[in-house]
Amino acid sequence: MQSLRALLQFTTILPLGKPADFELFAKRSWLYPIAGYVTGFIAAIPALVAWYLGFENSSIIAALTLALAVFISGGNHFDGLLDFGDGLMAHGSREKRIRAMTDRTTGAGALALGIMVVLISYAALSSMTVLQITFAVFIAEVFGKMTMGLFSALGKPFHDGIQKYIYDRSKRRFCIYTILLTLPLFLLPGKMYVGVGLIAALVTFACLLLLARKLFGGVNGDVTGAGNELTRMTVLLVVAIILTSA
(Lines give C-alpha, C1' and ligand atoms only; values in the text may rest on other atoms or scores of the structure.)
Protein backbone atom coordinates (compact mmCIF):
# COMPACT_ATOMS: atom_id res chain seq x y z
CA MET A 1 0.00 0.00 0.00
CA GLN A 2 2.89 2.36 0.66
CA SER A 3 4.15 1.69 -2.86
CA LEU A 4 0.74 2.60 -4.28
CA ARG A 5 0.60 5.75 -2.17
CA ALA A 6 4.05 6.77 -3.39
CA LEU A 7 2.93 6.08 -6.97
CA LEU A 8 -0.18 8.26 -6.65
CA GLN A 9 1.76 11.02 -4.92
CA PHE A 10 4.19 10.98 -7.85
CA THR A 11 1.58 10.90 -10.62
CA THR A 12 -1.30 12.93 -9.15
CA ILE A 13 -2.09 15.90 -6.93
CA LEU A 14 -4.44 13.88 -4.73
CA PRO A 15 -4.13 14.74 -1.02
CA LEU A 16 -2.73 11.50 0.38
CA GLY A 17 -1.07 12.61 3.58
CA LYS A 18 2.63 12.80 4.32
CA PRO A 19 4.98 11.76 1.50
CA ALA A 20 5.59 8.04 1.21
CA ASP A 21 9.06 6.64 0.60
CA PHE A 22 9.49 7.08 -3.18
CA GLU A 23 11.90 4.16 -3.36
CA LEU A 24 9.05 1.81 -2.48
CA PHE A 25 7.43 2.76 -5.78
CA ALA A 26 10.69 2.90 -7.75
CA LYS A 27 11.28 -0.76 -6.90
CA ARG A 28 7.77 -1.59 -8.17
CA SER A 29 7.44 0.78 -11.11
CA TRP A 30 5.36 -1.81 -12.96
CA LEU A 31 2.47 -0.49 -10.84
CA TYR A 32 2.14 2.58 -13.11
CA PRO A 33 -1.16 1.44 -14.76
CA ILE A 34 -2.91 1.46 -11.37
CA ALA A 35 -2.44 5.24 -11.38
CA GLY A 36 -4.10 5.22 -14.79
CA TYR A 37 -7.19 3.52 -13.39
CA VAL A 38 -7.42 6.30 -10.79
CA THR A 39 -6.76 9.25 -13.11
CA GLY A 40 -8.90 7.70 -15.84
CA PHE A 41 -11.88 7.43 -13.54
CA ILE A 42 -11.43 10.99 -12.30
CA ALA A 43 -11.05 12.34 -15.84
CA ALA A 44 -14.24 10.48 -16.85
CA ILE A 45 -16.36 12.18 -14.15
CA PRO A 46 -17.55 15.12 -16.34
CA ALA A 47 -18.73 12.69 -19.02
CA LEU A 48 -20.38 10.40 -16.46
CA VAL A 49 -22.25 13.32 -14.91
CA ALA A 50 -23.26 14.63 -18.34
CA TRP A 51 -24.53 11.19 -19.38
CA TYR A 52 -26.53 10.87 -16.15
CA LEU A 53 -28.09 14.31 -16.65
CA GLY A 54 -28.74 13.75 -20.34
CA PHE A 55 -26.36 16.52 -21.40
CA GLU A 56 -25.03 15.70 -24.87
CA ASN A 57 -22.73 18.60 -25.78
CA SER A 58 -19.62 16.56 -26.52
CA SER A 59 -17.46 19.61 -27.26
CA ILE A 60 -17.85 21.03 -23.75
CA ILE A 61 -17.43 17.63 -22.10
CA ALA A 62 -14.35 16.88 -24.23
CA ALA A 63 -12.71 20.11 -23.05
CA LEU A 64 -13.54 19.46 -19.39
CA THR A 65 -12.35 15.86 -19.64
CA LEU A 66 -9.01 16.76 -21.18
CA ALA A 67 -8.49 19.63 -18.74
CA LEU A 68 -9.19 17.36 -15.78
CA ALA A 69 -6.82 14.67 -17.08
CA VAL A 70 -3.98 17.20 -17.22
CA PHE A 71 -4.94 18.91 -13.96
CA ILE A 72 -5.14 15.76 -11.84
CA SER A 73 -1.50 14.98 -12.71
CA GLY A 74 -0.41 18.46 -11.69
CA GLY A 75 0.65 19.07 -15.28
CA ASN A 76 3.86 17.10 -14.68
CA HIS A 77 3.51 14.79 -17.67
CA PHE A 78 2.39 17.69 -19.86
CA ASP A 79 5.50 19.60 -18.76
CA GLY A 80 7.54 16.62 -19.93
CA LEU A 81 5.76 16.77 -23.28
CA LEU A 82 6.67 20.45 -23.67
CA ASP A 83 10.32 19.84 -22.80
CA PHE A 84 10.39 16.90 -25.20
CA GLY A 85 8.97 19.17 -27.90
CA ASP A 86 11.85 21.60 -27.47
CA GLY A 87 14.39 18.80 -27.80
CA LEU A 88 12.55 17.18 -30.68
CA MET A 89 12.42 20.33 -32.79
CA ALA A 90 15.86 21.73 -31.93
CA HIS A 91 18.44 21.83 -34.69
CA GLY A 92 22.01 20.67 -34.38
CA SER A 93 23.90 18.02 -32.48
CA ARG A 94 22.61 15.60 -29.86
CA GLU A 95 24.09 17.81 -27.17
CA LYS A 96 22.13 20.82 -28.44
CA ARG A 97 18.92 18.80 -28.46
CA ILE A 98 19.51 17.62 -24.89
CA ARG A 99 20.29 21.15 -23.78
CA ALA A 100 17.09 22.43 -25.40
CA MET A 101 15.05 19.71 -23.70
CA THR A 102 16.54 20.10 -20.23
CA ASP A 103 16.82 23.88 -19.90
CA ARG A 104 14.20 25.91 -18.01
CA THR A 105 12.87 27.87 -20.98
CA THR A 106 9.81 27.03 -23.06
CA GLY A 107 10.51 27.38 -26.76
CA ALA A 108 8.60 27.18 -30.01
CA GLY A 109 9.03 23.41 -30.18
CA ALA A 110 7.33 23.00 -26.82
CA LEU A 111 4.40 25.19 -27.81
CA ALA A 112 4.03 23.53 -31.20
CA LEU A 113 3.98 19.97 -29.83
CA GLY A 114 1.77 20.90 -26.88
CA ILE A 115 -0.79 22.58 -29.13
CA MET A 116 -0.80 19.66 -31.56
CA VAL A 117 -1.36 17.07 -28.84
CA VAL A 118 -4.13 19.09 -27.18
CA LEU A 119 -5.90 19.78 -30.49
CA ILE A 120 -5.78 16.17 -31.65
CA SER A 121 -6.90 14.85 -28.27
CA TYR A 122 -9.74 17.36 -28.10
CA ALA A 123 -10.86 16.63 -31.66
CA ALA A 124 -10.90 12.91 -30.94
CA LEU A 125 -12.94 13.30 -27.74
CA SER A 126 -15.39 15.82 -29.20
CA SER A 127 -16.22 13.41 -32.04
CA MET A 128 -17.65 10.91 -29.52
CA THR A 129 -20.83 10.78 -27.47
CA VAL A 130 -20.43 11.60 -23.78
CA LEU A 131 -20.72 7.92 -22.86
CA GLN A 132 -18.01 7.03 -25.37
CA ILE A 133 -15.82 9.79 -23.89
CA THR A 134 -16.13 8.07 -20.50
CA PHE A 135 -14.85 4.80 -21.93
CA ALA A 136 -12.17 6.31 -24.17
CA VAL A 137 -10.48 8.55 -21.60
CA PHE A 138 -10.48 5.75 -19.02
CA ILE A 139 -8.62 3.29 -21.20
CA ALA A 140 -6.36 6.03 -22.63
CA GLU A 141 -5.20 7.00 -19.14
CA VAL A 142 -4.43 3.38 -18.23
CA PHE A 143 -2.47 2.83 -21.42
CA GLY A 144 -0.65 6.13 -20.95
CA LYS A 145 0.60 4.97 -17.56
CA MET A 146 1.48 1.59 -19.09
CA THR A 147 3.83 3.44 -21.44
CA MET A 148 5.47 5.08 -18.45
CA GLY A 149 5.86 1.64 -16.88
CA LEU A 150 7.50 0.34 -20.05
CA PHE A 151 9.94 3.24 -20.03
CA SER A 152 10.84 2.48 -16.42
CA ALA A 153 11.91 -1.02 -17.47
CA LEU A 154 13.33 -0.44 -20.96
CA GLY A 155 14.14 3.28 -21.22
CA LYS A 156 17.88 3.39 -20.57
CA PRO A 157 18.64 6.93 -19.30
CA PHE A 158 21.16 9.26 -20.91
CA HIS A 159 21.95 11.17 -17.69
CA ASP A 160 21.26 11.27 -13.97
CA GLY A 161 17.75 12.17 -12.88
CA ILE A 162 14.40 10.70 -11.93
CA GLN A 163 14.43 8.33 -14.91
CA LYS A 164 17.80 6.88 -13.91
CA TYR A 165 16.66 6.54 -10.30
CA ILE A 166 13.62 4.48 -11.35
CA TYR A 167 15.39 2.58 -14.15
CA ASP A 168 18.22 1.45 -11.84
CA ARG A 169 15.65 -0.09 -9.49
CA SER A 170 13.57 -1.73 -12.20
CA LYS A 171 13.88 -5.08 -13.94
CA ARG A 172 13.24 -5.86 -17.58
CA ARG A 173 10.49 -8.27 -16.56
CA PHE A 174 8.56 -5.28 -15.21
CA CYS A 175 7.44 -4.53 -18.77
CA ILE A 176 5.45 -7.79 -18.71
CA TYR A 177 3.92 -6.99 -15.34
CA THR A 178 2.86 -3.49 -16.38
CA ILE A 179 1.16 -4.82 -19.53
CA LEU A 180 -0.63 -7.49 -17.48
CA LEU A 181 -2.06 -4.77 -15.24
CA THR A 182 -3.95 -3.36 -18.24
CA LEU A 183 -5.70 -6.65 -19.03
CA PRO A 184 -8.69 -5.98 -16.70
CA LEU A 185 -9.74 -3.42 -19.31
CA PHE A 186 -10.80 -6.35 -21.48
CA LEU A 187 -13.57 -7.01 -18.97
CA LEU A 188 -15.23 -3.80 -20.15
CA PRO A 189 -17.70 -3.69 -23.06
CA GLY A 190 -15.95 -2.86 -26.31
CA LYS A 191 -13.09 -5.35 -26.16
CA MET A 192 -12.12 -4.52 -29.75
CA TYR A 193 -11.48 -0.89 -28.83
CA VAL A 194 -9.41 -1.95 -25.84
CA GLY A 195 -7.36 -4.26 -28.06
CA VAL A 196 -6.79 -1.55 -30.64
CA GLY A 197 -5.91 0.89 -27.86
CA LEU A 198 -3.34 -1.54 -26.47
CA ILE A 199 -1.72 -1.97 -29.87
CA ALA A 200 -1.68 1.80 -30.42
CA ALA A 201 -0.05 2.31 -27.02
CA LEU A 202 2.65 -0.29 -27.68
CA VAL A 203 3.40 1.21 -31.10
CA THR A 204 3.59 4.69 -29.57
CA PHE A 205 6.01 3.47 -26.92
CA ALA A 206 8.22 1.68 -29.46
CA CYS A 207 8.38 4.69 -31.78
CA LEU A 208 9.10 7.09 -28.94
CA LEU A 209 11.80 4.84 -27.48
CA LEU A 210 13.55 4.54 -30.85
CA LEU A 211 13.25 8.28 -31.44
CA ALA A 212 14.64 9.11 -28.00
CA ARG A 213 17.60 6.81 -28.52
CA LYS A 214 18.34 8.35 -31.91
CA LEU A 215 17.95 11.99 -30.91
CA PHE A 216 19.15 12.00 -27.29
CA GLY A 217 21.00 8.72 -26.82
CA GLY A 218 18.46 7.51 -24.28
CA VAL A 219 15.51 8.47 -22.12
CA ASN A 220 14.89 10.95 -19.32
CA GLY A 221 11.88 11.93 -17.24
CA ASP A 222 10.69 14.33 -19.94
CA VAL A 223 10.52 11.54 -22.51
CA THR A 224 8.63 9.33 -20.04
CA GLY A 225 6.14 12.10 -19.26
CA ALA A 226 5.72 12.82 -22.98
CA GLY A 227 4.99 9.12 -23.44
CA ASN A 228 1.93 9.43 -21.21
CA GLU A 229 0.55 12.42 -23.14
CA LEU A 230 1.33 11.03 -26.59
CA THR A 231 -0.09 7.63 -25.74
CA ARG A 232 -3.30 9.18 -24.46
CA MET A 233 -3.60 11.17 -27.68
CA THR A 234 -2.92 8.16 -29.90
CA VAL A 235 -5.38 5.90 -28.08
CA LEU A 236 -8.10 8.55 -28.18
CA LEU A 237 -7.45 9.12 -31.86
CA VAL A 238 -7.62 5.48 -32.96
CA VAL A 239 -10.71 4.81 -30.82
CA ALA A 240 -12.42 7.89 -32.27
CA ILE A 241 -11.61 6.85 -35.82
CA ILE A 242 -13.04 3.37 -35.30
CA LEU A 243 -16.14 4.66 -33.49
CA THR A 244 -16.96 7.29 -36.12
CA SER A 245 -16.35 4.96 -39.05
CA ALA A 246 -18.43 2.09 -37.63
**Message:** Can you confirm whether Gly221 is small (Gly, Ala, Ser), closer than 27 Å to Ala123 by Cα and touching a residue at least 40 places away in the same chain (Cβ under 8 Å)?
**Reply:** no
**Complete:** Going through (1) more than 24 Å from Asp21 (Cβ to Cβ); (2) open to solvent by less than 40 Å² (accessible area, probe 1.4 Å); (3) more than 15 Å from the chain's Cα centre (by Cα) one by one, Val235 fails only at (3)
**Item:** Cross-chain or 6+ apart pairs with Cβ under 7 Å, region 1-15 first and farther than 18 Å from Tyr165 by Cβ and open to solvent by 60 Å² or more (accessible area, probe 1.4 Å), then assigned to a helix (DSSP H, G or I) and β-branched (Val, Ile, Thr)
**Value:** Ile13/Ile72
**Asked** Looking at Phe216, is it aromatic (Phe, Trp, Tyr) and either under 23 Å from Arg28 (Cβ atoms) or open to solvent by 30 Å² or more (accessible area, probe 1.4 Å) (or both)?
**Response** no
**Request:** Select from region 41-89 the residues that are hydroxyl-bearing (Ser, Thr, Tyr), touching a residue at least 40 places away in the same chain (Cβ under 8 Å) and over 16 Å from Ile13 (Cα atoms) and write down the one among them that is most open to solvent (accessible area, probe 1.4 Å).
**Result:** Ser59
**Asked** Can you spot a residue in region 61-73 that is at pLDDT below 95, of a type in the set (S, T, N, Q) and farther than 30 Å from Arg173 by Cα?
**Response** no
**Prompt:** Residues of region 115-131 being of a type in the set (Ser, Thr, Tyr), assigned to a helix (DSSP H, G or I) and surrounded by fewer than 24 Cβ atoms within 10 Å (Cβ to Cβ), which ones?
**Reply:** Tyr122, Ser126
**Asked** Going by the conditions given, is Thr134 open to solvent by 10 Å² or more (accessible area, probe 1.4 Å) and touching a residue at least 24 places away in the same chain (Cβ under 8 Å)?
**Response** yes
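Residues are listed down the side, and each one gets a yes or a no for (1) in contact with a Lys or Arg (Cβ under 7 Å, 6 or more places away or on another chain); (2) surrounded by fewer than 23 Cβ atoms within 10 Å (Cβ to Cβ); (3) among the β-branched types (Val, Ile, Thr):
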site: Thr178; (1), (2), (3): no, no, yes
site: Leu181; (1), (2), (3): no, yes, no
site: Ala206; (1), (2), (3): no, yes, no
site: Asp222; (1), (2), (3): no, no, no
site: Gly227; (1), (2), (3): no, no, no
site: Leu230; (1), (2), (3): no, no, no
**Item:** Selection status of Leu188, under 16 Å from Glu141 (Cβ atoms) and surrounded by fewer than 22 Cβ atoms within 10 Å (Cβ to Cβ)
**Value:** yes
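Conditions (1) charged (D, E, K, R); (2) modelled with pLDDT under 95, marked per residue:
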position	(1), (2)
Arg173	yes, no
Tyr177	no, no
Val194	no, no
Ala206	no, no
Val219	no, no
Ala226	no, no
Ser245	no, yes
**Message:** Here's a check for you: in region 94-112, which residue that is out of contact with any Asp or Glu (no Cβ under 7 Å at 6 or more places or on another chain) and open to solvent by less than 50 Å² (accessible area, probe 1.4 Å) is nearest to Thr224 (Cα to Cα)?
**Reply:** Ile98
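The values are calculated or read from the model by the stated rules, or taken from the named source; none is laboratory data. Bear in mind that the values here come from a model prediction, so they are computed numbers and not experimental data. Cβ atoms come from the backbone with ideal geometry, glycine included; neighbour counts cover every protein chain shown. Heads up: the accessible areas ignore ligands, DNA and RNA and are worked out on the full protein's heavy atoms, side chains in. Shrake-Rupley method; radii C 1.70, N 1.55, O 1.52, S 1.80 Å.
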